[in-house]
Structure formats: C-alpha cells, structure tokens
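To keep things clear, I will list the structure first and then write my remarks on it.
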Amino acid sequence: MKKPKIRFNGFNDDWEQRKLGDLVERITKKNQDLLSELPLTISAQYGLIDQKEFFDKRVASKDISGYYLIKNGEFAYNKSTSTDAPWGAIKRLDRYETGVLSTLYIVFGIKKDTELNSNFLTAYYSTNLWHKEIHEIAAEGARNHGLLNISPADFFKTKLSTPQDLKEQNKIGNYFIQLDQLITLHQRKCDEIKKLKKYMLQNMFPQDEEKVPKIRFYGFTDDWEQRKFVEFVKNAAKKNKDNIDLEPYAVTNDRGFIAQKDAHDDFGYMINVDRTAYNIVPPNSFAYNPARINVGSLGYYEGTENVIVSSLYEVFQTEEYIDDKFLLHWFKSDSFPRWIEKLQEGSVRLYFYFDKLVQCQMMVPSLEEQKRISAYLDSIDQLITLHQRKCDELKNMKKFMLQNMFV
C-alpha cells in the first residue's frame, strides 16, 4: 500500500505512482531575444538564486543568448553534486520573474490541465525520496567533475508517488509553504537582531582615542578610563594534578563553553585519558585556545561546579571592579581583534598566549555602567537565541514532516 505515515484528516486513498514525464514538460526556450539578463544558479539551501548573490560574482559567459530562459514557477534540475545535494538539486524559481540557466540544467514546467500542485512538487523535491530514481538512471562513472551523467530523456522517466486527490496535494503543498514562511520570518528576525547587536557593539564602546561611547544610558556622563589588562586580569590556570573526576569542556567559536560530549567530533571526548595535565576551570572564569582566538574561540564559564579543559587553553579571571559580562561583550566587539592582530606571534600558526592578553588595553566606565551595558547586550543575545532556537525547531519539524508526509 502506498500511503504516507502522516496525513491530513479525511484522506485515506492510496497514492499513485506516476512518471514525471506524464506530469511535466521540458522547457528548452533559449534567451535569444535577451528577455532576461539574470544568470542564475541552483543552491541546495537557497534554491534558484542570482549568481552574483551566491558567488559574489557572475560566472556566466558574457553572451547569455544561448542560455535557457526560465520563468517564475518553473523548475530546474542542477546535476552538480555536493555534500548537501549528493544527487543534485531540483528547485522552483520563486525569487524572480525570469532568469537564465546554463544548458547543463534540465528545465521543466507542469503541464497544463495536469492535476499536480506546484507547491506539492516543490516540497517533494525537498525530500530524498527521488534520489533512488536518480541513482538508478545515473550512468556508470556518473560523476564527471561533480556533474551527474543523466540525460533529459532518462530524467523524465523517473517516477514519483502523488495523492490521487488534488485537494490532498494542495493541503500538503500549502503546509510546507507556511512552514517555510515561518522559518524565513524567524531567520530574518534573528539576522536583524544580529545586525542591531553589531551596531551596538560598535557604538556602546568608545572607538580609537574616544573617551566616551556614541551611545550610552541616561544618567552616565563621566569619561571612561583606559585600563591595562595586566591591572585587572589574573591567570587562573591550575593543573588537575590530583586527577579529580571533573566534566571535560571545550570552547567553541559559536557556542562558547560546551561539554565535550555535546561538542563536535573534532574536539574528541576524554575517555580513559590521563586528565592530570588538564586545566581546572572554576565558575566565573574565562578560557580560550591561543591558536584559535582569532576565530572567536573564547568563552565564559558560568556553571556552579569546577570543570576541566585541555592544557592548551589559557584560563583567567578578573578583579571585582570589572563586570565579566561587560568584558565578554568587549571581546566580541571590533576592538579586541585589533589587539590580537597586533600582538599574536608565530609563523605558520599564530598564537595569542596569556602574556599577550595582558598587554591589551581597553576603555572602562564605572561598574554600574558596565552592568547596564552588559545587561542590555545580554538581552539582545537572548532574543537572538530565542529566534534561532525557534528557527532550528521549525527546520527539524520540516525535516521530520518531509520524511513522513510523502511516499
């Protein structure tokens, strides 16, 4: 029986298997009249997109009159393979009214008077169900410089299963359109807040030779003071010489402190390893990897129990007149990378050890103002996390539904 695991109420009929060529027709219209000057590419993530936007340059030839002309609502198959698209990508043109594609692409549209919902077909090609059909028609030695050797005739012989009732197709298609709109909404909101954060980091800390920032909270008027790190930073690295069974942590450039068991595989997990050489990290401490500080591998540990990190890490704490969160946000501003570039040492691999860190300087306001700034920037981070988490949840839901609403 051909039925998906998850269906809308009221639909019980088996789905039917159809040949793609019976539902769609190939489009081979060339851009001879230069109806479009927009060369496109297909991205597994972004769909049909302007080459300049995707590659930061135009890769099409100067003369695009021989390219295929594709219109809004039509589909194209990019036979180029990648990690995200092992059997290529099939996408619908949604962003632009028209565009042009290399003749290496297979362009097609839904036949008139055919009971096939365009949104349903778009969602179907977001699954991996069609990969089996492509695998079966790909010729031996199929990958030539990452390009699958598939003829248009064979491509249109591939089969797919669809609901017999067009209403069910419409419901499925509309469901995924709405899901994509929600994902886009939260991703856009997340990106907007990240831009706000970047702007505030640039304007809530004094820039070169300034004594006050451009933006500050009402009631604070005093000049900021220049402080040397050697005055308020202290080395807190302490070896785990007693081999205490503490949780091993790592510092990532995107999530800060994270338990190694939850981190990516490249950190490894210290099972049956002598931990006596590792550094203990007490609560309210900073740690960073001197070889990866330039990509943001610096974190602040807020836990309540001691943890350990690799002996490669530098661990430090601050004096009481410095708000740790304020300092953490300063590390993420444009000022700190300039100090890293100025002070790091090495030839092939560059390092930024603790003796370099203490040479840094920064402008510091009163502790009260520090806390106001850090609280505000923390609230922005919480909003970013909120929208990113919602976005990730929706993406996971979409992935699950794609796996269970089609056959």
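Before moving on, here are some points about what is shown:
- Annotation note: of Thr98, Thr81, the sole residue that is in contact (Cβ under 8 Å) with a residue 40 or more places away in the chain and under 27 Å from the mean Cα position of the chain (by Cα) is Thr81.
- Lys371 at pLDDT 95 or above, in the same structural domain as Tyr175 (by TED's automatic domain parsing) and farther than 28 Å from Asn289 by Cα: no
- Strands (runs of 3 or more DSSP E) fully within the stretch 158-268 counting 1 or more residues that are touching a strand residue (DSSP E or B) at 6+ places or on another chain (Cβ under 6 Å) and either in contact (Cβ under 8 Å) with a residue 60 or more places away in the chain or assigned by TED's automatic domain parsing to the domain that holds Leu116 (or both): 159-162, 225-228, 233-235, 249-252
- Residue in the stretch 325-334 that is touching a Phe, Trp or Tyr at 6+ places or on another chain (Cβ under 9 Å) and part of a loop (DSSP other than H, G, I, E, B) present: yes
- Single match in Leu116, Leu69 (criterion: modelled with pLDDT of 95 or more, farther than 17 Å from Pro39 by Cβ and in contact with a Leu (Cβ under 9 Å, 6 or more places away or on another chain)): Leu116
- Checking Asp274 against (1) over 29 Å from the mean Cα position of the chain (by Cα); (2) surrounded by fewer than 18 Cβ atoms within 10 Å (Cβ to Cβ); (3) closer than 26 Å to Lys197 by Cα, the condition it does not meet: (3)
- Selection count, the stretch 96-129, where residues are farther than 18 Å from Gln164 by Cβ and either assigned to a loop (DSSP other than H, G, I, E, B) or not β-branched (Val, Ile, Thr) (or both): 15
- Scanning the stretch 330-382 for residues that are of a type in the set (Val, Ile, Thr) and surrounded by 14 or more Cβ atoms within 10 Å (Cβ to Cβ) turns up Ile340, Val358, Val364, Ile373, Ile380.
- Any chance Lys57 is over 31 Å from the mean Cα position of the chain (by Cα) and more than 22 Å from Leu160 (Cβ to Cβ): no
The values are calculated or read from the model by the stated rules, or taken from the named source; none is laboratory data. Note that the structure is predicted; figures quoted are calculated from it, not measured. Cβ atoms come from the backbone with ideal geometry, glycine included; neighbour counts cover every protein chain shown.
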